[in-house]
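Notes for the one structure printed next.
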Amino acid sequence: MADIQGLAVLHYDTPHFDVERPGQFVLCAVSGERIDLDDLKYWSAEFQEAYRGPVEATRSFLKHRGMPGGRDS
């Protein structure tokens, strides 16, 4: 995945992220959709993942915690 042209590599922290390899976008850990860095507002420092929005962030959290609703249905 790291050889996709324009894909940034980030280290997610709270309340910011650090750019480890410059790029124009990251991929949503849940949907696989492209997220331009200027639009990136949801991520997990614990899981080191980026999310398209709050729905994907919640889905990932529930999946990691083994709670109902965390699976793609």
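Each Lys and Arg Cβ is given +1 and each Asp and Glu Cβ -1; about its Cα centre, region 4-73 then shows a dipole of about 320 debye.
Give me D for the chain in µm² s⁻¹, whole number, from Stokes-Einstein with Rh from the Kirkwood sum over alpha-carbon pairs, 20 °C and 1.002 mPa s. In µm²/s, the coefficient is 171. Using only the alpha-carbon atoms, how far is helix 54-65 inclined from the longest principal axis of the chain? Give it as 0 to 90 degrees, nearest 10. Here the helix axis deviates by roughly 60 degrees. In the full protein context, region 13-73 carries 69 Å² of accessible surface per residue, based on a 1.4 Å probe and ignoring ligands, DNA and RNA.
Rolling a 1.4 Å probe over the protein heavy atoms of the chain, with every protein chain left in place, gives an accessible area that is 50 percent carbon and sulfur.
The values are calculated or read from the model by the stated rules, or taken from the named source; none is laboratory data. Source: prediction; values computed, not measured. As a convention, Cβ positions derive from the backbone with ideal geometry for all residues, glycine included, and neighbour counts pool all protein chains shown. Surface accessibility is based on the protein's heavy atoms, side chains included, excluding ligands, DNA and RNA. Shrake-Rupley method; radii C 1.70, N 1.55, O 1.52, S 1.80 Å.
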